[in-house]
Every structure is written in C-alpha cells, then in structure tokens.
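Written below as structure tokens is the structure these notes are about.
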Amino acid sequence: LICPREAEILLVKRAKEPGKGLWGLPGGFIELKESPEIAAVRELKEETQLDGHVVDILGTCSQFNTIYGDILLIGIQMMINDPTKLQAGDDAAALRFVALSLTLALVTLSLHHFLIRRRALRHPWVTY
C-alpha cells in the first residue's frame, strides 16, 4: 500500500519473519472472497490502526519468492482519513512517515521500490 502524506510515504518496520526488522510498505495477502480494495482497507487497519480508502491502483508486478512462491504484488494508493491515529499493530514493530528521498534508502524490498517509484512518477507528490 502506498499511503502518502504530503511529500512522505508511510513505512512499516516488520515485527515478524520473513524480513523482521526491515522497513517496507504496509500490506499483506488478499483473503478468500476479498477484493483487492477490501483487502487494502483491512490490511491498512490491521497494520496501522488507520482507516482509509483506495485512491488508485498503481500497477502490478510479480516475483518468485522462496517462501511463498510466485507473488503478484498489486500497488494500491490509499488516502488515510486521520494519520494522527497511527499505531503499530498486527505485523508492525514500528511505523513512520518518511520523505521519498529517505524512503528508497530504508526500503530493502525491490518490489516495494518499484511501487514507490511508480507512485512518484504517476502522481508527483500531490497532497491528497
């Protein structure tokens, strides 16, 4: 999920393996009988305690993962209703909004880099 706030993006520090301690975008898996939009709203709430809604589907990419096999990543831009209620939950050890210039240095997952760049190119830091 791409959750912008002015010129920043929300990042999650993973609390569990795989990738424990690494920073990345909030998100997770779509559950059976869920749409990508419903899953995005649910995952946002589970990881950040925030409510929001889908603004845009930014694109997709896929990659083989040694733990889960083939993964289809759907980039979804969210609008957060009230970012002051930010609180780590579910699989998150910490949360923070980070400037784009720092985001790419913190995030180690290449699929997340792809989505961050896609968002920046498609909507160059428009405040929602």
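Out of the range 34-54, which residues are touching a Lys or Arg at 6+ places or on another chain (Cβ under 9 Å) and not in a helix (DSSP H, G or I)? Show your work before the answer.
Going residue by residue through the range 34-54, those that are touching a Lys or Arg at 6+ places or on another chain (Cβ under 9 Å) are 34, 48-52.
Hits for the range 34-54 are E34, Q49, L50, D51, G52.
Name the residues in the range 80-120 that are in contact with a strand residue (DSSP E or B) (Cβ under 9 Å, 6 or more places away or on another chain), at pLDDT 90 or above and open to solvent by 70 Å² or more (accessible area, probe 1.4 Å), would you?
N81, Q87, R96
Out of E37, E47, report the one residue that is closer than 19 Å to A93 by Cα, acidic (D, E) and modelled with pLDDT of 85 or more. Break it down stepwise before answering.
Values: E37 fails: closer than 19 Å to A93 by Cα.
Result of the check over E37, E47: E47.
Output yes when any residue across the range 18-25 is surrounded by 14 or more Cβ atoms within 10 Å (Cβ to Cβ), touching a residue at least 24 places away in the same chain (Cβ under 8 Å) and at positive phi, and no when none is.
Checked against the condition, which is being surrounded by 14 or more Cβ atoms within 10 Å (Cβ to Cβ), touching a residue at least 24 places away in the same chain (Cβ under 8 Å) and at positive phi, the range 18-25 yields at least one hit.
Conditions tested, residue by residue: (1) touching a His at 6+ places or on another chain (Cβ under 6 Å); (2) free of Cβ contacts under 8 Å to residues at least 24 places away in the same chain; (3) more than 22 Å from T103 (Cβ to Cβ).
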| position | (1), (2), (3) |
| --- | --- |
| I9 | no, no, no |
| S35 | no, yes, yes |
| E43 | no, no, no |
| L50 | no, no, no |
| I57 | no, yes, no |
| F64 | no, yes, yes |
| D70 | no, yes, yes |
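Of all residues in the range 50-70, which are open to solvent by 60 Å² or more (accessible area, probe 1.4 Å), touching a helix residue (DSSP H, G or I) at 6+ places or on another chain (Cβ under 9 Å) and either closer than 22 Å to D90 by Cβ or modelled with pLDDT under 85 (or both)?
Once the filter is applied, which keeps residues that are open to solvent by 60 Å² or more (accessible area, probe 1.4 Å), touching a helix residue (DSSP H, G or I) at 6+ places or on another chain (Cβ under 9 Å) and either closer than 22 Å to D90 by Cβ or modelled with pLDDT under 85 (or both), the range 50-70 yields D51, H53, S62, Q63.
Which ones in the range 13-27 are at pLDDT below 90, under 12 Å from the mean Cα position of the chain (by Cα) and either more than 18 Å from T103 (Cβ to Cβ) or part of a strand (DSSP E or B) (or both)?
Across the range 13-27, the qualifying residues are R14, W23, G24.
The values are calculated or read from the model by the stated rules, or taken from the named source; none is laboratory data. These numbers come from a predicted model, not from an experiment. We place every Cβ from the backbone using ideal geometry, glycine too, and count neighbours over all the protein chains shown. All accessible areas refer to the heavy atoms of the entire protein, side chains included, with ligands and DNA or RNA removed. Shrake-Rupley method; radii C 1.70, N 1.55, O 1.52, S 1.80 Å.
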